[in-house]
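For reference, the structure is listed below as structure tokens.
The values are calculated or read from the model by the stated rules, or taken from the named source; none is laboratory data. What you see is a predicted model, and the numbers here were worked out from it, not measured in a lab. Please note: Cβ atoms are built from the backbone with ideal geometry, for glycine as well, and neighbour counts cover all protein chains shown.
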Amino acid sequence: MSAYYDNQDLSRFAEMGADAPELWKKFQEWYSAVFAEGALTKREKSLIALGVAHAVQCPYCIDAYTEDCLEKGANKAQMTEAIHVASAIRGGASLVHGLQMRNVAKKLSM
Amino acid sequence: MSSLISRHHPLASSAEQLRIINQPGGHQRPFEEALEASGLHPLQATHIEFFQINVGKLCNQTCRHCHVDAGPDRTEVMTRATAELCMEKLAATDIPTVDITGGAPELNPNFRYLVTESKRLGRHVMDRCNLTILTVSSQENLADFLAGHQVEIVASLPYFTAEQTDAQRGEKVFEKSIRAIEMLNRLGYGRPDTGLVLDLVYNPVGAFLPPEQHAIEADFRRELKNRWGVVFNNLYTITNMPISRFLEFLIQSGNYDRYMNKLIGAYNPQAAAGVMCRSLLSIGWDGSLYDCDFNQMIGLTVNHGAPTHIRDFDYAALKQRRIVTGQHCFGCTAGAGSSCGGATA
């Protein structure tokens, strides 16, 4: 193995069921149910997944959900906006912690 | 972009295409094995609903995904004698629908004869139209002709934006396509209660499967109406077949293995049961008979004892012929399925 991430590993995901088949089965059923058409459309869920994939920086998920979004009829403008949403939340999450900095600084300062 | 044949590309040869798509490999589950597991082997025709005539490879466009390798440089077109033979054989059957395709079928000088004669025989006629042909100066009364003969237009439009459409079909194709739809709408096409049907065809602009037909149809309806004020009746999703110029794209872009794995992994027995070859006969520009337009483009004529040329047309034998299949057939059985009439499952 020459790298920590190998794109061929994505198609081997099911091997994670090898030593915990019941848990894998539950995960699969839950995963399928999550992405089924519901109060949100399949495409909306796929765009959320793409955004989250970027937030958690999972290359497998980015690969899978880029393709999935295209297969749900999404275009690059929609997919780019989804990534901006994820990025804005990540950025905002860092920035809002600035209040903690301000609180601590205020307490320590004269 | 130009045709494979004009570039002397190895993939212009159907033998080379078949060599690539049928080569053994770890990911290549044989199509026949998939059929067997679904209880569909051998795949048989059930009836003939569509008499699909491919009048030739001449086209005013050179789309990147074209399974025909059509283009302005192609010269193979159906002659009047073959067109008349097609109509003579059709007349002796009860096949309800004539589906005319190409290339740009309207460029064939016998196109209007085929439409007129098919209508005289009381058949429903479909024209697989690339839309831009309606904006070509030599075809200025084409739209009126189609409307006058109540021809159903099945028109290619891969997406509701110029970026995606032009990437697949060529520069300015989207703009011209919208102009053509406006022209058709003015004649009543796509509008309720006129009897003039305009269907659009979505093809993925890349190495992925189409979305669910109903979902993307709703997007097209909303976006085309809001952005351009144009309307249509139905939208069909069709999967790109791994042959000809789309095969060239898959190989060039390094997507071939991934795409084939995707098609094979998405095999759907329900879609396989509904494949269009079971209810269609495809006729080539030279009168050869095929199970579908894709088989036609890779040179696989009907087989298993059925006649292979229109002059030997045998309705009873062709109605129950065994279909010729190959690895490319996974393109019609993946996911929700794909046919000339869209999703099948």
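The residue list B:Ile216, B:Ile181 contains one member that is modelled with pLDDT of 95 or more, within 14 Å of chain A (Cβ to nearest Cβ) and not in a loop (DSSP other than H, G, I, E, B), which is B:Ile216. Of all residues in segment B:257-278, those satisfying the criterion of being surrounded by 18 or more Cβ atoms within 10 Å (Cβ to Cβ), in a helix (DSSP H, G or I) and away from chain A (no Cβ under 11 Å) are B:Met260, B:Leu263, B:Ile264, B:Ala271, B:Ala272, B:Ala273, B:Met276, B:Cys277, B:Arg278.
Got at least one residue in segment A:24-45 being within 14 Å of chain B (Cβ to nearest Cβ), in contact with a helix residue (DSSP H, G or I) (Cβ under 6 Å, 6 or more places away or on another chain) and on the phi < 0 side of the Ramachandran plot? Yes, because at least one residue in segment A:24-45 is within 14 Å of chain B (Cβ to nearest Cβ), in contact with a helix residue (DSSP H, G or I) (Cβ under 6 Å, 6 or more places away or on another chain) and on the phi < 0 side of the Ramachandran plot. Of everything in segment A:1-33 that is among the aliphatic types (A, V, I, L, M), surrounded by 11 or more Cβ atoms within 10 Å (Cβ to Cβ) and not in a loop (DSSP other than H, G, I, E, B), the residue that is modelled with the lowest pLDDT is A:Leu10. Restricting attention to segment B:290-345 and to residues that are acidic (Asp, Glu) and part of a loop (DSSP other than H, G, I, E, B), the residue that is surrounded by the most Cβ atoms within 10 Å (Cβ to Cβ) turns out to be B:Asp291. Residue count for segment A:46-91, restricted to those that are more than 17 Å from A:Phe13 (Cα to Cα), within 12 Å of chain B (Cβ to nearest Cβ) and either part of a helix (DSSP H, G or I) or hydrophobic (A, V, I, L, M, F, W, C) (or both): 9. Of all the listed residues (B:Leu187, B:Leu198), the sole one being of a type outside the set (S, T, N, Q) and surrounded by 19 or more Cβ atoms within 10 Å (Cβ to Cβ) is B:Leu198. Confirm whether B:Gly254 is without any contact (Cβ under 8 Å) to a residue 24 or more places away in the chain and either more than 13 Å from B:Val324 (Cα to Cα) or crowded, with 22+ Cβ neighbours inside 10 Å (or both). Judged against the criteria, B:Gly254 is a match.
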